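A.B. asks: Sending over a structure as structure tokens; questions will come in a sec.
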Amino acid sequence: MTIEEIISAQKGEREKCLDAILSSKSNKKIILAGAGTGKTFTFKEVLNANSEGENIAMTFIRMLTSDMYVSFGDLAEVKTFHAYCKKILHEQNGKVELIPFLTKIIEEDAQILELELKDFDRNIQMLDEGSPEVAFYLRRGDYYDAVSFNDSVYRLYKALQEKPHIIPNFNQILIDEYQDFNPLEVAFINELEKKGNILIVGDDDQAVYSGRCASPNHLREKFNSGDYEPFELPFCSRCPDVIVSATNAFLSNAQKKGFLKGRVNKRYECFIELKENDSSRFPKIITAQCSTGNTVAKYVDHIIQKIDASDIEESWKEGSEYPTVLIVGPKQYLAIIQKELSDKYPQMVYKLNEEKPISVIEGYDILLRDDSSNLGWRILIAFYFKSKEIKTFIEESEKGKQMLDILDKEFIQQQKRVIEIISIIKAGEGFTEELKDELKKVVKDFYDEIVEYYFPKEKKEEEKPDKTKLSILLSSFVGCKGLSAGYVIIVGANDSSIPKDPSNISDVEIAQFMVALTRTRKQCHIISNKWHIAPMSKKGSYQKPYEKSVFLNWIPSKFIEDKGVLKSKDIK
């Protein structure tokens, strides 16, 4: 077939795929949609066809809700699971605080009380309703009048079973990223599907999350169950042909090696009409093995400098902006790249999602909203009292006593005065030397932290990006989900990084590598390195070099242009 014939055939088939979804009278539909195959466009078409009545679109990835909100406008209410659950719980209970770090507080409470309880989130995610962990968590959450991410879904799920009317009926329900759901979220969706026509979208090849009890098997079971009418979106309009072909080969080889058991085989084709030029310009994935981490940074700079001005301009196109460059890899490599290149490229952003320790500020923030909050006082006592005293307070709270009835009246009076002074600091007026001395006397070592956090900052005019220069985003393998970029550079592609143990590879690692690969709109570079810092340790002993990631062997050589081993002096 000629290119023209292929384009014509693909256009006709893509239209048939969409028409089949839109014309179906089934009230339960499920779509397998690979990376870049147009699920957001499909969602919008479904909503346009169902614009009468209430519609809702949900996912648990906050970044994707932003994209959907822009795309759907007034066609649907767009929410993360947690935000939606908080909203309904708030309507039912009058007040609900969503506290992301609530699990940490409850874990500490269990430790302080010397209870052999652990894995609270896992027990909730797995719907282990008879476990002492779930009972303890819910009791403490009630005491603190707060919910976190998992128990907000659990609480609404349980409420729905008793009072299904608390959620309205919908004309159309859209659920995204189903491959990353855990048993709790699946059970919640099973309740939600009773509320209207439902369309579920997912891709079991993109199940990148570990540690939250998620499994792509839920999607596979739903797809094969016969309860849902199955559909496909097989045409990728994001990636050039080499990326699509390499992805198919990579996944096929993974299956041949015994991984991805139960995987739903699906078509995944490059949509030539939109990707013909990029496929022609970038016919190969570029690989290289650098000597050290610093050499990796130098080579990344070398790649960036070669990017054409037209590609930079295209990445800034209004309404469809994306990073010009996305650098994906382990934290230690991203840190080196940021250190070496951030001054040279001011529009470089490091998307680092690290849990921060709970600070005294969280306690004061809560007490500023409600000075009787058990949770606010619970946070403060961790910073102002010794372990033995804290244990006594937690034991008393387990008897149902409020924190204000447990704590010393003088301590309460002092801290309420601190809250008054913080309100003065926030107002930006009247923070006298006398008040500074008074505050220092009570909060001691926390004084600088409090003043710096609450003192009004000058509002800086948001600096507009220079659209003549490229934008660069640094991200982990998990963090790049939902993103795309003109140029994708995967760094740290070594055994011990991705995968961590080549003798014990997980399906999640396969999915993470595949997801990083399919963020590519134009060209992908995969960079390994022989050593992190140098062949010799500080003690003078030789360090065994890293091996290139075994995943590179799963991509046929015909799709790769290998630059070989590069030392710093080789990169010019």
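The values are calculated or read from the model by the stated rules, or taken from the named source; none is laboratory data. Quantities reported herein were computed from a predicted structural model and do not represent experimental measurements. A quick note on method: Cβ atoms are made from the backbone with ideal geometry, for glycine too, and the neighbour counts reach across all protein chains shown. The accessibility values were calculated without ligands, DNA or RNA, using every heavy atom of the protein model including side chains. Shrake-Rupley method; radii C 1.70, N 1.55, O 1.52, S 1.80 Å.
A.B. asks: Where in the stretch 121-224 are there GluC sites (Glu not before Pro) that are in a DSSP coil and have at most 13 other Cβ atoms within 10 angstrom of their Cβ?
C.D. replies: Of the GluC sites (Glu not before Pro), the ones in loops of the stretch 121-224 whose Cβ has at most 13 other Cβ atoms within 10 Å are 129.
A.B. asks: As an exercise, identify the trypsin sites (Lys or Arg not before Pro) in the stretch 9-113 lying in DSSP coil whose Cβ has no more than 12 other Cβ atoms within 10 Å.
C.D. replies: Here the sparse-neighbourhood loop sites are 25, 95.
A.B. asks: Would you list which aspartates and glutamates come within 16 Å of residue 464, measuring only between C-alpha atoms, while excluding same-chain residues fewer than 8 positions from it?
C.D. replies: List returned: 313, 318, 321.
A.B. asks: Work out Dmax and Rg for the stretch 263-340 from the C-alpha atoms and quote the Rg first, both in angstrom.
C.D. replies: Radius of gyration, then largest Cα-Cα span, for the stretch 263-340: 16.0, 43 Å.
A.B. asks: At 1.4 Å probe size, put 378, 521, 369 in order of accessible surface, largest to smallest. Spell out each step's value before the answer.
C.D. replies: Working: 378 5, 521 70, 369 145 Å².
Order by accessible area, largest first: 369, 521, 378.
A.B. asks: Okay, moving on. Per residue, how much accessible surface does the chain expose to a 1.4 Å probe? Answer in Å², no decimals.
C.D. replies: On the way: 27930 Å² over 572 residues.
Each residue of the chain exposes 49 Å² on average to a 1.4 Å probe.
A.B. asks: Next question. Please list, in order along the stretch 83-90, the HN-Hα scalar couplings obtained from phi with the Karplus expression 6.51 cos²θ - 1.76 cosθ + 1.60 (θ = phi - 60°), rounded to whole Hz, x for Gly and Pro.
C.D. replies: 5, 5, 4, 4, 4, 5, 4, 5
A.B. asks: Once the other residues with Cβ under 13 Å from the Cβ of residue 371 are scored (Lys, Arg +1; Asp, Glu -1), what is the net sum? If you can, show how the numbers build up before the last one.
C.D. replies: Working: positive: 369, 416, 417; negative: 365, 370, 420.
Neighbourhood net charge equals 0.
A.B. asks: Residue 327's amide H: which non-local residues (gap 5+, or another chain) put their own amide H closer than 5 Å, with H modeled 1.01 Å from N in plane and none for Pro or chain starts?
C.D. replies: Correct list: 473, 474, 475, 489.
A.B. asks: Moving on. Distance from the Cα centre of the stretch 402-475 to that of the stretch 167-185, in angstrom?
C.D. replies: 39
A.B. asks: So how strong a dipole does the chain carry about its Cα centre when Lys and Arg Cβ are +1 and Asp and Glu Cβ are -1, to the nearest 20 debye?
C.D. replies: Details: 80 positive and 90 negative charges, 388 e Å.
Using only the charged Cβ atoms, the result is roughly 1860 debye.
A.B. asks: Still on this structure: Evaluated at 20 °C with a viscosity of 1.002 mPa s, what Stokes-Einstein diffusion coefficient in µm²/s does the stretch 270-394 have when Rh comes from the Kirkwood expression over alpha-carbon pairs?
C.D. replies: Values: Rh = 19.7 Å.
Estimated via Stokes-Einstein, D reaches 109 µm²/s.
A.B. asks: A further question follows. For volume of the Cα convex hull per residue in Å³, one of (1) 205; (2) 174; (3) 195 was computed from the structure I shared and the rest are decoys. Which label?
C.D. replies: (1)
A.B. asks: Need one word for the stretch 393-487: rounded, prolate or oblate. Basis is the Cα gyration tensor (sqrt eigenvalues a ≥ b ≥ c); a/c below 1.5 gives rounded, then a/b vs b/c decides.
C.D. replies: On the way: a/c = 4.10, a/b = 1.68, b/c = 2.44.
Cα axes put the stretch 393-487 in the oblate bin.
A.B. asks: Would you grab the residues whose amide H sits under 5 Å from the one on residue 526? Only those 5+ places off in sequence or on another chain, please, with H modelled 1.01 Å from N.
C.D. replies: Counting only residues 5 or more places away or on other chains, the set is 286, 287, 288, 490.
A.B. asks: On to the next question. Kindly rank 329-336, 381-388, 232-239 from highest to lowest mean number of other beta carbons found within 10 Å of each residue.
C.D. replies: Details: 329-336: 19.0, 381-388: 13.4, 232-239: 22.0.
Put in order of decreasing packing, that is 232-239, 329-336, 381-388.
A.B. asks: Another question, if that's okay. Loop-only trypsin sites (Lys or Arg not before Pro) in the stretch 415-481, please: DSSP not H, G, I, E or B, and at most 14 other Cβ atoms within 10 Å. Please report the intermediate quantities before stating the final value.
C.D. replies: Values: sites: 416, 417, 426, 436, 440, 441, 444, 457, 459, 460, 467, 469, 481; in loops: 457, 459, 460, 467, 469, 481.
Passing sites in the stretch 415-481 are 457, 459, 460, 469.
A.B. asks: Now, a different point. Apply the Karplus parameterisation 6.51 cos²θ - 1.76 cosθ + 1.60, with θ equal to phi minus 60°, to every residue of the stretch 197-210 and state each ³J(HN,Hα) to the nearest whole Hz, in sequence, with x for glycine and proline.
C.D. replies: 3J(HN,Hα) across the stretch 197-210, in whole Hz: 4, 10, 10, 10, 10, x, 8, 5, 6, 10, 7, 9, 9, 10.
A.B. asks: Just for the chain, what percent of DSSP beta bridges are antiparallel, to the closest 5? Don't skip to the answer; put the middle values down first.
C.D. replies: Details: 2 of 56 bridges.
Expressed as a percentage, antiparallel bridges in the chain total about 5.
A.B. asks: Pop out the carbon and sulfur fraction of the accessible area of the chain as a percent, whole number, probe 1.4 Å.
C.D. replies: Working: 13460 of 27930 Å².
Here carbon and sulfur together make up 48 percent of the probe-accessible area.
A.B. asks: Need one word for the stretch 1-127: rounded, prolate or oblate. Basis is the Cα gyration tensor (sqrt eigenvalues a ≥ b ≥ c); a/c below 1.5 gives rounded, then a/b vs b/c decides.
C.D. replies: Values: a/c = 3.29, a/b = 2.14, b/c = 1.54.
Prolate, because a/c is 1.5 or more and a/b exceeds b/c.
A.B. asks: What ³J(HN,Hα) values, in whole Hz, does the Karplus curve 6.51 cos²θ - 1.76 cosθ + 1.60 give for the stretch 448-459 when θ = phi - 60°, with x put for Gly and Pro?
C.D. replies: 4, 4, 5, 5, 4, 6, 8, 5, x, 8, 5, 6
A.B. asks: Can you list the lysines whose alpha carbon sits under 19 Å from that of residue 467, skipping same-chain ones fewer than 8 residues off?
C.D. replies: Here the lysines satisfying the reach criterion relative to residue 467 are 306, 317, 344, 522.
A.B. asks: Name the long-range amide H neighbours of residue 292: under 5 Å, sequence gap of 5 or more, or other chain; modelled H, no Pro or chain starts.
C.D. replies: 530, 531
A.B. asks: Output needed: percent of Cα pairs per 10 Å distance bin for the stretch 154-304, bins running from 0 to the one holding the longest distance.
C.D. replies: For the stretch 154-304, the binned pair fractions read 9, 26, 28, 21, 11, 5, 0 percent.
A.B. asks: Could you estimate the translational diffusion coefficient of the stretch 520-562 from the Stokes-Einstein equation, with Rh from the Kirkwood formula over C-alpha pairs, at 37 °C and 0.692 mPa s, in whole µm²/s? Don't skip to the answer; put the middle values down first.
C.D. replies: Numbers: Rh = 12.9 Å.
It diffuses with D of about 255 µm²/s by this estimate.
A.B. asks: Cross-link candidates for residue 386: which aspartates and glutamates have Cα within less than 15 Å, leaving aside residues fewer than 8 places away along the same chain?
C.D. replies: Cα-Cα hits under 15 Å: 108, 109, 395, 408.
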